[in-house]
Amino acid sequence: MLQSQLFTKTRREAPKDEVAKNAQLLIRAGFVHKELSGVYAYLPLGLRTLNNIIQIIREEMNAIGGNEIIMPALQDKSLWEKTDRWDDKKVDNWFKTEFKSGGETGLGITHEEPLTNLMRDYVSSYRDLPAYAYQFQTKFRNEMRAKSGIMRGKEFMMKDLYSFSRNEAEHKIFYERARAAYIKIFERLGLGDCTHVVFASGGIFSRFSEEFQTVSDAGEDIIYIDERSGQALNKEVLTDDVLKELGIARESLVEKKSIEVGNIFNLGTKFSEPLGLSYKDELGESHSVVMGSYGLGPTRIMGTIAEVFGDERGLVWPEAVAPYRVHIINLATDDEEVNRVANLLYDEFLDKHIDALYDDRKGVSAGEKFNDSDLIGIPLRVVVSKKTVAEGKFEVKERMSGASSMISREELFIRLIK
Ligand code: ATP
Ligand code: MG
């Protein structure tokens, strides 16, 4: 991508009412646009980053047998009445509206109800199970708190997978695979070291669900980590009974603020029973399907990465999610030889499918180009200037470590082609 063709511009200041670091940096760098409080548009750099996060999640969901679908945002009220989740007194964050033809609808807050209902068309026998369906879909929630930037949107992207199993034992096998897949996802996203699997409330078989929590001062949750066993629990389940059950001593707990980036739940037959999703076993006997749900927030994860790695100069993207791998900075766009070398490098990157952003802008000072590059946060910066051309080398700098060096073209490509 030629930076001269990128319609977004960096800006020195974030909107005054934007208090979250993630949104401040993402807006200043031109990744997102604030439409309304808690409502954001994803711009070219932001969309590339989000798509990289989505792709990592998609690969791991496919690897455990997930079938990708997309469910509608508009909801069938009657399904939500069956599970008693339509009434505003039961669920207080619906966006509801009316059809001109009559009747109410709401914008999906989650998708257990419609997917359970949909599966009735495909599941009738034990031979049809287990089944796993997932989607990347925009959820709508009338959230009260909107101080966390893209980490708490009123409209946000969720990856929600639902598992349909014959019994608890079969459910358990998949649950463990999903848990392992989540751990792998956070490792691939660069968040492995600061993300913990945490006991939380809301399980059906065991009394816990499990949350994936990334330690950060920007978090809205409080977790306790037992540094000896590596176990962790959400403050909401911290009682003497629970500590005893988990074999944890209160003294060994360390309190941290954290961001809930994902969660996995066993749902039992909580949805399949009221919605009538059942199957017949080998003997012709009918059973309710045993379900699980597995949520992840790609937009919240993007905000989390901005919070965890961002510094005083701007965003810092781990290699796997960065919008581009390399940022070429041409410091002498009026010099024929410098242009030739920089253009050639960009063409070679295109040729070798190495994603590069090329700052080819004319009339922009070196200082401004460096500031913008720091703000955007691409992992590797490659400077082409009269000095580097004279030496026959490139000046490279890593955004995350700050390490810089002069290297040859060959060394540069060895480094980028792994
Ligand atoms: P929270 O307690 O933070 O409100 P939740 O328990 O409501 O989260 P779920 O309904 O389980 O979250 O949603 C699954 C995932 O979707 C969460 O783990 C999170 O990553 C993401 N998510 C939830 N609410 C939001 C939101 N308002 N904005 C962005 N991502 C969200
Ligand atoms: Mg919530």
Next on the checklist: Condition first: β-branched (Val, Ile, Thr) and either surrounded by fewer than 17 Cβ atoms within 10 Å (Cβ to Cβ) or within 15 Å of ligand 2 (Cβ to nearest atom) (or both). Now tell me which residues in region 120-163 satisfy that.
Outcome noted: THR138, ILE150
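Let me confirm something: among ARG152, ARG145, ARG141, which residue is closer than 30 Å to ILE27 by Cβ and in contact with an Asp or Glu (Cβ under 7 Å, 6 or more places away or on another chain)?
Among ARG152, ARG145, ARG141, only ARG152 is closer than 30 Å to ILE27 by Cβ and in contact with an Asp or Glu (Cβ under 7 Å, 6 or more places away or on another chain).
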Next on the checklist: Looking at the structure I just gave you, is LYS280 within 16 Å of ligand 1 (Cβ to nearest atom), assigned by TED's automatic domain parsing to the domain that holds ALA200 and touching a residue at least 12 places away in the same chain (Cβ under 8 Å)?
Outcome noted: no
Checklist entry - If you take just the strands (runs of 3 or more DSSP E) that sit entirely in region 1-109, which of them hold at least 3 residues that are in the same structural domain as GLY262 (by TED's automatic domain parsing) and over 30 Å from ALA322 (Cβ atoms)? => result 96-98, 104-106
Checklist entry - Of the residues GLU176, GLU211, GLU187, which is assigned to a helix (DSSP H, G or I) and either more than 30 Å from ASP281 (Cα to Cα) or within 16 Å of ligand 2 (Cβ to nearest atom) (or both)? => result GLU187
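Would you mind stating whether PHE208 is modelled with pLDDT of 95 or more and surrounded by 15 or more Cβ atoms within 10 Å (Cβ to Cβ)?
No, not satisfied.
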Item to check | Residue check for TYR346: of a type in the set (Ser, Thr, Tyr), in the same structural domain as LEU189 (by TED's automatic domain parsing) and either in contact with a Leu (Cβ under 9 Å, 6 or more places away or on another chain) or at pLDDT 95 or above (or both) | outcome: no
Item to check | Filtered residues of region 74-91 (kept if touching a residue at least 12 places away in the same chain (Cβ under 8 Å) and either among the aliphatic types (A, V, I, L, M) or within 16 Å of ligand 1 (Cβ to nearest atom) (or both)) | outcome: LEU74, GLN75, LEU79, TRP80, THR83, ARG85, VAL91
Next on the checklist: Condition check: within 12 Å of ligand 1 (Cβ to nearest atom) and either at pLDDT 95 or above or not in a loop (DSSP other than H, G, I, E, B) (or both). Does ASN117 satisfy that?
Outcome noted: no
Checklist entry - From the residues in region 135-151 that are within 12 Å of ligand 1 (Cβ to nearest atom) and farther than 16 Å from ASP92 by Cα, which one is modelled with the lowest pLDDT? => result LYS147
Checklist entry - Out of GLU155, GLU170, GLU176, GLU187, which single residue is among the acidic types (Asp, Glu), in the same structural domain as GLU60 (by TED's automatic domain parsing) and closer than 22 Å to LYS21 by Cβ? => result GLU155
Next on the checklist: Condition check: in contact with a helix residue (DSSP H, G or I) (Cβ under 9 Å, 6 or more places away or on another chain), within 14 Å of ligand 2 (Cβ to nearest atom) and not hydroxyl-bearing (Ser, Thr, Tyr). Does ARG166 satisfy that?
Outcome noted: no
Checklist entry - Just to be sure, is VAL341 within 16 Å of ligand 1 (Cβ to nearest atom), outside the structural domain of LEU118 (by TED's automatic domain parsing) and modelled with pLDDT of 95 or more? => result no
Checklist entry - Has region 207-228 got any residue that is farther than 23 Å from GLU143 by Cβ and of a type in the set (Gly, Ala, Ser)? => result no
Checklist outcome for this item: Among the residues of region 249-266, the number that are away from ligand 2 (no atom under 16 Å from the Cβ) and either closer than 28 Å to PRO298 by Cα or touching a strand residue (DSSP E or B) at 6+ places or on another chain (Cβ under 7 Å) (or both) is 7
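The values are calculated or read from the model by the stated rules, or taken from the named source; none is laboratory data. From a predicted model like this one, the values you see are computed outputs, not experimental measurements. Here the Cβ is made from the backbone with ideal geometry for all residues, glycine too, and neighbour counts use every protein chain on show.
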